[in-house]
1. I'd like to verify a number: residues in the stretch 10-29 that are touching a helix residue (DSSP H, G or I) at 6+ places or on another chain (Cβ under 9 Å) and farther than 13 Å from H79 by Cα, how many?
2. Of the numbered conditions (1) at pLDDT below 95; (2) surrounded by fewer than 16 Cβ atoms within 10 Å (Cβ to Cβ); (3) hydroxyl-bearing (S, T, Y), T84 satisfies every one except a single condition; which is it?
3. Which condition number does I99 fail, the rest of (1) touching a helix residue (DSSP H, G or I) at 6+ places or on another chain (Cβ under 8 Å); (2) modelled with pLDDT under 90 being met?
4. Looking at (1) more than 10 Å from the ligand (Cβ to nearest atom); (2) at pLDDT below 95, which is the one condition that is false for P92?
5. What are the residues in the stretch 127-142 that are closer than 15 Å to G117 by Cα and more than 10 Å from the ligand (Cβ to nearest atom), if any?
6. I'm checking my understanding of the structure. Among residues of the stretch 1-25 that are over 18 Å from T88 (Cβ atoms) and out of contact with any strand residue (DSSP E or B) (no Cβ under 7 Å at 6 or more places or on another chain), which one is surrounded by the fewest Cβ atoms within 10 Å (Cβ to Cβ)?
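The values are calculated or read from the model by the stated rules, or taken from the named source; none is laboratory data. Since the structure is predicted, the reported quantities are computational estimates derived from the model, not experimental observations. Here the Cβ positions follow ideal geometry from the backbone for every residue, glycine too, while neighbour counts run over all protein chains shown.
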Amino acid sequence: MRNFSNILVAVDFSDSSDNAFQLALSMAQKFSAHLVILHVINEPVDLRGFYVPHISYEKLEEEIAEGAEKMMQSFCRMHIDDFTDYETRIVPGMPFEKILEQADKADAELIVLGTHGRTGLDHVLFGSTAEKVVRKSKLPVLTVRLEEDLK
Ligand code: AMP
């Protein structure tokens with residue numbers, strides 16, 4: 001069986017990505033792999049200097065980054081017990097682009113995602129981030145479906 005030494009899991013703090021995370025974590029434990037936990041701040045880049053003055057946009061960005069960091073810390077406290085071989089990354093941008101970019105930078109051998117995210121839309125097979133990552137990734141992608149989405 002193939003061994004994975006570096007796994008990237010993308011979390012948007014939805015139930016679906018929590019569920020995908022559980023699987024990524026147990027795979028990392030099983031393979032003794034390093035786990036990269038990535039969250040992408042999906043920024044409305046159009047705001048920059050257009051609707052809001054530059055200075056207040058920077059303040060807003062700072063507050064968003066601090067909020068995301070706090071969410072990530074509490075996510076790790078809640079979901080990780082005695083596993084230590086992990087790192088967290090928080091980057092701004094388009095989620096599917098950053099997931100692919102960060103997986104490449106981290107030398108990941110597998111990307112783990114939920115089939116859906118915070119936008120829900122359970123009637124579609126895949127959310128738009130999941131669909132784009134699956135379509136464009138050169139790496140194997142494991143998409144994990146929440147059981148209640150099957151009902
Ligand atoms: P979506 O395609 O947006 O419905 O989301 C599907 C999955 O992609 C989620 O369950 C997450 O695993 C991942 N994902 C979506 N948005 C983000 C994000 N902003 N940061 C990290 N992962 C994300």
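1. First pass over the stretch 10-29, keeping only residues touching a helix residue (DSSP H, G or I) at 6+ places or on another chain (Cβ under 9 Å): 10-13, 15-16, 18-19, 21-22, 25.
Narrowing the set further to residues that are farther than 13 Å from H79 by Cα leaves 10, 12, 16.
Of the residues in the stretch 10-29, 3 are touching a helix residue (DSSP H, G or I) at 6+ places or on another chain (Cβ under 9 Å) and farther than 13 Å from H79 by Cα.
2. Against the list (1) at pLDDT below 95; (2) surrounded by fewer than 16 Cβ atoms within 10 Å (Cβ to Cβ); (3) hydroxyl-bearing (S, T, Y), T84 comes up short only on (1).
3. With respect to (1) touching a helix residue (DSSP H, G or I) at 6+ places or on another chain (Cβ under 8 Å); (2) modelled with pLDDT under 90, I99 is out only on (2).
4. (1) is the only condition that P92 fails.
5. Here is the first cut: in the stretch 127-142, the residues closer than 15 Å to G117 by Cα are 127-134, 142.
Across the stretch 127-142, the qualifying residue is only L142.
6. Out of the qualifying residues, it is M1.
Yes/no per residue for (1) touching a Lys or Arg at 6+ places or on another chain (Cβ under 8 Å); (2) away from the ligand (no atom under 13 Å from the Cβ); (3) modelled with pLDDT of 95 or more:
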{"site": "R2", "(1), (2), (3)": "no, yes, no"}
{"site": "L8", "(1), (2), (3)": "no, no, yes"}
{"site": "A28", "(1), (2), (3)": "no, yes, yes"}
{"site": "F31", "(1), (2), (3)": "no, yes, yes"}
{"site": "H39", "(1), (2), (3)": "yes, no, yes"}
{"site": "D46", "(1), (2), (3)": "no, yes, no"}
